[in-house]
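Participant: My questions all concern the structure below.
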Amino acid sequence: MIVDRQGRRFRNLRVSLTAACNYACTYCVPDGKRLVAAQDELPGEALAKGVAYLIEAAGIERLRITGGEPLISPRLDGFLAAIAGLGLQDVALTTNGQLLSRKLPRLQEAGIRRLNVSLDTLDASAFRRIARGGDLATVLEGMRQASAAGMRIKVNMVPMRGQNLDQVLPLLDYCLEHGYELRFIELMRMGHLARDSNAFLQQFVSLEQLLALIGQAHSYQQASAPMDATALRYQVAGKGHFGVIANESVPFCRTCSRLRLSSTGWLHGCLSSGNRHFVGDLLGKPRHEALPALQRLLVKALGDKQELAFSGGVTVMKVIGG
Ligand code: SAM
């Protein structure tokens, strides 16, 4: 097992099936241009081979399928078929929910029981302004169907001053009412926001500010969370839970166990690091050749992790898998 000086190792793998997305969220892409797939994206079967090798070489236990938007990828079916039987403890998927109703039977068939759905507002016009694509009612209906089918749903919201701060309480109430767990994700200095610190600071909402706002309507208590959890969890008595991924306010680098594999075959050990390691060429090789080479790259990827705190990165989230 590859472990660093702080005792960190890779347990959680995020695979980006495609860099393409049917949204162009303001915090993810600067100019509103719809994102297209990279030309050299790997077939689903090759990415699944990567997962299999990483289970062996790094001890990966949990997988999250992401993107870009994973549900628009033509690789989805091949990937799901190829990861079946790999013995992963948990397979989850992050989506914007536009195609959820349509893809739900396939996700269920593949054994996926947990979804994170990104939703920044319940206001249809704010939705169009922030996501710059998609349709709010379609997302809500997709979540309803997934929940009715027994999927556990977490909703990802990025609270931003001047954009959707007025939606924190309505979205929290909606999620508590429907049995979804809302996850507030502090705005991260990624992509254009890593270069434009004014735009970042104008919109950033800290954990303290967020909790003060929630405290106006709800009483809550901090709840326990697993050791390597990225989210702080809170319980609203008798109603449910919400979480906060507080990258800036309470960095979790010391216990980070995440590894990312991009749709083009690059490993990323840390969102804050510009380093990446190409494994695409190893995926066609037999196991006895691929594993030693992969292990050498994993040592480097683990060495890319920040010691203490997230410092931002110019890479756009959709490229490395949000
Ligand atoms: N298309 C899928 C979706 O919409 O969930 C998966 C990819 S998206 C990049 C994954 C997550 O990254 C979303 O929940 C989004 O909120 C988050 N994200 C992207 N850029 C971010 C930023 N600068 N700060 C905080 N969260 C960000």
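Participant: Would you work out the relative contact order for the range 12-320, in percent, from Cα pairs under 8 angstrom that are 6 or more residues apart? Walk me through the intermediate numbers first.
Facilitator: Details: 616 pairs, mean separation 64.1, N = 309.
That works out to 21 percent.
Participant: Using amide H atoms built 1.01 Å from N in the peptide plane, name the residues 5+ places from Glu181, or on other chains, whose amide H lies under 5 Å from its own.
Facilitator: Ile153, Lys154, Val155
Participant: Based on the Cβ-Cβ distance of Gln89 and Ser147, what FRET efficiency does E = 1/(1 + (r/R0)^6) give at R0 = 30 Å, to the nearest 0.05? Don't jump to the answer; show the numbers that get you there.
Facilitator: Numbers: r = 22 Å, r/R0 = 0.75.
Between Gln89 and Ser147 the formula returns 0.85.
Participant: Let me ask something else about it. GNM, the chain, Cα, under 10 Å: largest mean-square fluctuation among Pro105, Pro70, Pro226?
Facilitator: Maximum fluctuation in the GNM of the chain, among the listed residues, is at Pro226.
Participant: Quick one: Karplus J couplings for the range 88-98, per residue in order, coefficients 6.51, -1.76, 1.60, θ = phi - 60°, nearest Hz, x for Gly and Pro?
Facilitator: With coefficients 6.51, -1.76 and 1.60, one gets 5, 5, 7, 10, 10, 9, 10, 8, 8, x, 4 Hz.
Participant: Sticking with this one: So, how do all the Cα-to-Cα distances of the chain break down into 20 Å bins, in percent, from 0 on up?
Facilitator: The percentages, shortest bin first, are 33, 61, 6.
Participant: Let me ask something else about it. Once amide H atoms are built 1.01 Å from N in the peptide plane, which residues 5 or more positions from Ala92, or in another chain, come under 5 Å H to H?
Facilitator: It is Leu63, Arg64, Ile65, by chain and number.
Participant: At 0.36 nm per residue, and after removing the present C-alpha to C-alpha distance, how many nm does the segment from Ala124 to Glu56 gain when stretched out fully? Don't jump to the answer; show the numbers that get you there.
Facilitator: Numbers: separation 68, 0.36 × 68 = 24.48 nm, distance 4.52 nm.
Contour length minus Cα-Cα distance gives 20.0 nm.
Participant: Let me test this: with uniform point scatterers at the alpha carbons of the range 210-279, what is the Debye-based log₁₀ I(q)/I(0) at q = 0.11, 0.18, 0.20 1/Å?
Facilitator: -0.41, -0.79, -0.87
Participant: With a 1.4 Å probe and all protein chains left in place, how much accessible area per residue does the chain have, in Å²? If you can, show how the numbers build up before the last one.
Facilitator: Details: 13730 Å² over 322 residues.
Heavy-atom SASA per residue in the chain reads 43 Å².
Participant: Further question: Return, in residue-number order, each cysteine of the chain whose C-beta is not under 4.7 Å from any other cysteine's C-beta.
Facilitator: Within the chain, the cysteines lacking a partner Cβ under 4.7 Å are Cys21, Cys175, Cys253, Cys256, Cys270.
Participant: What does the extension gain come out to for Ile2 and Ala38, with contour length at 0.36 nm per residue minus their alpha carbon separation? Don't skip to the answer; put the middle values down first.
Facilitator: Numbers: separation 36, 0.36 × 36 = 12.96 nm, distance 3.05 nm.
Gain in length upon complete extension: 9.9 nm.
Participant: Could you tell me what percent of the accessible area of the range 12-320 is made up of carbon and sulfur, with a 1.4 Å probe and every protein chain present? Could you put the intermediate results ahead of the total?
Facilitator: Numbers: 6540 of 12940 Å².
In the range 12-320, the share of accessible area belonging to carbon and sulfur is 51 percent.
Participant: Would you list His288, His178, His218 from the most to the least accessible area, probe 1.4 Å? Provide the component values of the computation, followed by the final result.
Facilitator: Working: His288 135, His178 70, His218 20 Å².
From most accessible down to least: His288, His178, His218.
Participant: Shifting gears a bit: What number, rounded to the nearest 500 deg cm²/dmol, is the helix-based mean residue ellipticity at 222 nm of the chain, given -39500 (n - 2.57) per DSSP H run of at least four residues and division by all its residues? Don't jump to the answer; show the numbers that get you there.
Facilitator: Values: 11 runs with 106 residues, N = 322.
About -9500 deg cm²/dmol.
Participant: Roughly speaking, what is the stretch gain from Ala223 to Arg106, that is 0.36 nm per residue apart minus the C-alpha to C-alpha distance, in nm to one decimal? Spell out each step's value before the answer.
Facilitator: Values: separation 117, 0.36 × 117 = 42.12 nm, distance 3.36 nm.
Gain on stretching Ala223 to Arg106: 38.8 nm.
The values are calculated or read from the model by the stated rules, or taken from the named source; none is laboratory data. Keep in mind that what you see is a predicted model, and the values were worked out from it rather than measured. Backbone-built Cβ (ideal geometry, glycine too); neighbour counts: all protein chains shown. To get the accessible areas, we keep the full protein, side chains included, count just its heavy atoms, and leave off ligands, DNA and RNA. Shrake-Rupley method; radii C 1.70, N 1.55, O 1.52, S 1.80 Å.
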